[in-house]
Amino acid sequence: MPFNKDKNPFITILSIVLAIVILFYAVRIFSLQVLSREKYSNQISGVTQVTSVLKAPRGEILDCDGRQIAINRDGYDIVFNKQNINLKNINSLIVRLIELCEEQKCEYVDLLPLNKKAPYGFEGEAADEKIISFLNLAGYATAENCFDRFVEKYELDGYSKDMQRKIMGVRYSMDKSSFSLSIPYTFAEDINDSLMLTISETGHSMPGVTVEVTPYRYYPVTDLAPHLIGTTGPIYEEEWENYKEKGYSYNDKVGKSGIEMYAEEALHGIDGEITHTLDKDGNIINSEVTKEPVPGKTVMLTIDKNLQSASQKILKQNIKKLQSQGGSVTGGAVVVMDIKNGGVKASANYPSYDLATLSKNYNKLVSDKNTPLLDRAFKGIYPIGSTIKPAVAIAGLENNKITKSETIYCKRTYTYFGDFQPECMHFHGHIALNTAISKSCNYYFFEVGRRLGIKKLNAYFKDFGLGVATGVEVNDSAGLLTEYDSDSGNTIQVAIGQLNAFTPLQLAVYTSTLANGGTRYKATLIDKVVSADQRETFFKNKSEVLGTVEMSDASLNAVKRGMLSVTEDGTGRAVFASYPIKIGGKTGTSQTDNGADHSVFVSFAPYENPEIVVAVVLEHGSSTFGVTSVAKAVFDQYFFAAKQESDEILPYVVLE
């Protein structure tokens, strides 16, 4: 009988456990000796890695056809990198750089809210609170106390008072920007080529100081629609916490007004990262982009750059011409709107300003009596005179207060109210709707307004977009629409465009609503938002409808025919009588408390199939000839000017 012995299960288990332990240590040894060799070798040799921010370029702003309005250019910044800077000699380094900047007339960053020249008092809103809190001083500390504390904090003894103030301004700015190994500090922004070369050539004697290429905002045409495009600027101290939560760096530039501010979230890119490998002495031995920056999105506007530029020139030239002829006109605005979707194709103001010199001339612009900083097109409110009459006519027809064939006898003086008897500009006799619009008979519309009453009038005004928000992306005014007693003479004044006041933008919305048959679109400046390479669309404007005006085709056609008569044989005939395209329009003059009347004109074209509206206001323009001339020139540009395929890229202009 052969020998047979059963296996011991305990020995089997023990063998398996021993094999697992041996395998674990083998893997661990391989990891330490092979996979992590470089890591531990670096630790032994003193090599370290530091990650810094790699700035993402801001998104571009383009017009409706892709022409450049706000883009980027490369600029040079002086940057401190903490890993290489000798902090023991930081003050002497700062002094050297300040002197170089002053020689080259380049500004450096100084956020300290103390006056830059003696006496060194607090400068700016809540400056005392900011500094006292920063220094952790008692609430009653004076500016002098703060100055002395800065001298002590930053070890500034031995420097002149003037230089102490300059150094502490830089050191304070460094602290506020959270200067660290991972967050470089920008000492000076957008320096000139000469200073760039000087720093680059002497960089070896200033360890930790580098010149870096940074994207900067660049406006190919710096006076193009500045009120709408807006500006960018630094993050203010009171804004920092909000932007910090959104992942911004303290040195980032953000939108401060206009589209730049409204579309900040889209325009702001996502910063990348660059990892520097340093040897034991702090020298960079290798740099690698470990996270690519993502450029901001591209914002495409409804604005037509060529039409915008032409509208600005037309407005300016006509106002200058009127002034040279002894006219009292002081300013004006033009708004061109797409009737079919509410897109603003142009918005011109005069007087205006240039983004290239805005900072330099700001105080002068603020104190200018003609208020060039005011966006007259979107925020200027004006009584609109007889341009209100088409809306009043629609209300009268739709509420059966008049018919298109009914005549009202204009005896010039309106005598319904015993204590208020205004006059029409002319004696018209028996007059029906078409002629009342064409000749702009006040008497006729006094009577229509009285029959309707103020509540009904205001309801229609709101439906047409007058006295209500337009919905446009940038700040605008809702105008002034007031309630009056229906039994008072105020009602009939409202019916001819007095007492209430609206913006040129609202005039464009109102006229568009009328011309397209009653659809009131939200006014808009942004057509779409796309990726930097324009291959992906994140947002597309869908022509939002804010309201409708219920009106029959008969009522609409009757009023539009009256507006056609204005340009063919009425108050606008002097300019448009022989125009090759039929224009529907309405002129208006509105009384002012000071100076000559404002002149107003609203119009749409082509009459048979309207595409655009042009609304014009001239402050103290007196006659209708000036506003109709402006509108005609804008129509010329839109319908007849050669369409340029692209614009020549101009040399960039450094914004002061």
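The values are calculated or read from the model by the stated rules, or taken from the named source; none is laboratory data. These figures come from a predicted structure and were not determined experimentally. Cβ placement follows ideal geometry from the backbone for every residue including glycine, while neighbour counts extend to all protein chains displayed. Side chains are part of the model used for accessible areas, which takes the heavy atoms of the whole protein and leaves out ligands, DNA and RNA. Shrake-Rupley method; radii C 1.70, N 1.55, O 1.52, S 1.80 Å.
Condition check ((1) at pLDDT 95 or above; (2) closer than 19 Å to Val335 by Cβ; (3) not polar (S, T, N, Q)) across all residues:
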residue	(1), (2), (3)
Ala395	yes, no, yes
Glu406	yes, no, yes
Cys424	no, no, yes
His430	yes, no, yes
Thr435	yes, no, no
Cys441	yes, no, yes
Asn458	yes, no, no
Gly471	yes, yes, yes
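Given the structure, is Glu60 within 30 Å of Thr290 (Cα to Cα), modelled with pLDDT of 90 or more and open to solvent by 50 Å² or more (accessible area, probe 1.4 Å)? Spelling it out, Glu60 is indeed within 30 Å of Thr290 (Cα to Cα), modelled with pLDDT of 90 or more and open to solvent by 50 Å² or more (accessible area, probe 1.4 Å).
Every residue, every condition in (1) under 17 Å from Ile437 (Cβ atoms); (2) modelled with pLDDT of 95 or more, yes or no:
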{"position": "Glu483", "(1), (2)": "no, no"}
{"position": "Asp487", "(1), (2)": "no, no"}
{"position": "Thr491", "(1), (2)": "no, no"}
{"position": "Gly497", "(1), (2)": "yes, yes"}
{"position": "Ala508", "(1), (2)": "no, yes"}
{"position": "Gly517", "(1), (2)": "no, yes"}
{"position": "Tyr521", "(1), (2)": "no, yes"}
{"position": "Ala554", "(1), (2)": "yes, yes"}
{"position": "Val559", "(1), (2)": "yes, yes"}
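The set of residues in segment 315-336 being assigned to a helix (DSSP H, G or I) and of a type in the set (Val, Ile, Thr) consists of Ile319 alone. Scanning segment 134-143 for any residue that is closer than 26 Å to Asn81 by Cα and open to solvent by 20 Å² or more (accessible area, probe 1.4 Å) turns up at least one such residue. Evaluating Ser173 against the criteria (1) open to solvent by 20 Å² or more (accessible area, probe 1.4 Å); (2) under 23 Å from Tyr248 (Cα atoms); (3) of a type in the set (Gly, Ala, Ser) leaves one unmet condition, (1).
Within segment 403-417, can you find the residues that are open to solvent by 10 Å² or more (accessible area, probe 1.4 Å) and assigned to a loop (DSSP other than H, G, I, E, B)?
Matches in segment 403-417: Thr403, Lys404, Ser405, Glu406, Thr407, Lys411, Arg412, Thr415, Tyr416, Phe417.
Every residue, every condition in (1) open to solvent by 70 Å² or more (accessible area, probe 1.4 Å); (2) within 30 Å of Leu267 (Cβ to Cβ); (3) not in a strand (DSSP E or B), yes or no:
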{"position": "Leu546", "(1), (2), (3)": "no, yes, no"}
{"position": "Leu556", "(1), (2), (3)": "no, no, yes"}
{"position": "Ala574", "(1), (2), (3)": "yes, no, yes"}
{"position": "Val600", "(1), (2), (3)": "no, no, no"}
{"position": "Phe625", "(1), (2), (3)": "yes, no, yes"}
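Can you find a residue that is in contact with a Lys or Arg (Cβ under 8 Å, 6 or more places away or on another chain) and either of a type in the set (Ser, Thr, Tyr) or surrounded by fewer than 12 Cβ atoms within 10 Å (Cβ to Cβ) (or both) anywhere in segment 91-114? No - not one qualifying residue is present in segment 91-114. Screening segment 358-400 for helices (runs of 4 or more DSSP H) wholly inside it with 2 or more residues that are open to solvent by less than 10 Å² (accessible area, probe 1.4 Å) returns the ranges 376-379, 389-398.
Look through Gly584, Gly595, Gly621 and report the one residue that is surrounded by fewer than 24 Cβ atoms within 10 Å (Cβ to Cβ), of a type outside the set (A, V, I, L, M) and either touching a residue at least 24 places away in the same chain (Cβ under 8 Å) or touching a Lys or Arg at 6+ places or on another chain (Cβ under 7 Å) (or both). Write out each step before concluding.
Numbers: Gly584 fails: surrounded by fewer than 24 Cβ atoms within 10 Å (Cβ to Cβ); Gly621 fails: surrounded by fewer than 24 Cβ atoms within 10 Å (Cβ to Cβ).
Of the residues listed, the single one that is surrounded by fewer than 24 Cβ atoms within 10 Å (Cβ to Cβ), of a type outside the set (A, V, I, L, M) and either touching a residue at least 24 places away in the same chain (Cβ under 8 Å) or touching a Lys or Arg at 6+ places or on another chain (Cβ under 7 Å) (or both) is Gly595.
In segment 337-357, of all residues being more than 17 Å from Thr524 (Cβ to Cβ) and not in a helix (DSSP H, G or I), the one that is least open to solvent (accessible area, probe 1.4 Å) corresponds to Ala348. When the helices (runs of 4 or more DSSP H) confined to segment 65-157 are screened for residues that are at pLDDT 95 or above and among the acidic types (Asp, Glu), those reaching at least 2 such residues are found at 90-104, 143-153. Mind checking whether some residue in segment 438-461 is among the aliphatic types (A, V, I, L, M) and out of contact with any Gly (no Cβ under 8 Å at 6 or more places or on another chain)? The answer is yes; a qualifying residue exists. Is segment 530-543 home to any residue that is out of contact with any Gly (no Cβ under 9 Å at 6 or more places or on another chain), polar (S, T, N, Q), in a strand (DSSP E or B) and open to solvent by 10 Å² or more (accessible area, probe 1.4 Å)? Yes, segment 530-543 contains at least one residue that is out of contact with any Gly (no Cβ under 9 Å at 6 or more places or on another chain), polar (S, T, N, Q), in a strand (DSSP E or B) and open to solvent by 10 Å² or more (accessible area, probe 1.4 Å). In contact with a helix residue (DSSP H, G or I) (Cβ under 8 Å, 6 or more places away or on another chain), among the polar types (S, T, N, Q) and outside any loop (DSSP other than H, G, I, E, B): is that true of Thr435 in this structure? Here the answer is yes, as Thr435 does meet what is asked. I'm trying to understand the selection: among the residues of segment 196-207, which are surrounded by 14 or more Cβ atoms within 10 Å (Cβ to Cβ) and either free of Cβ contacts under 8 Å to residues at least 12 places away in the same chain or not aliphatic (A, V, I, L, M) (or both)? Passing the criteria: Thr198, Pro207.
Can you find a residue in segment 214-221 that is farther than 30 Å from Asn349 by Cβ and modelled with pLDDT under 90? Yes; the residues of segment 214-221 include at least one that is farther than 30 Å from Asn349 by Cβ and modelled with pLDDT under 90.
Taking the numbered list (1) in contact with a Phe, Trp or Tyr (Cβ under 8 Å, 6 or more places away or on another chain); (2) surrounded by 14 or more Cβ atoms within 10 Å (Cβ to Cβ) in turn, Asp193 passes all entries but (2).
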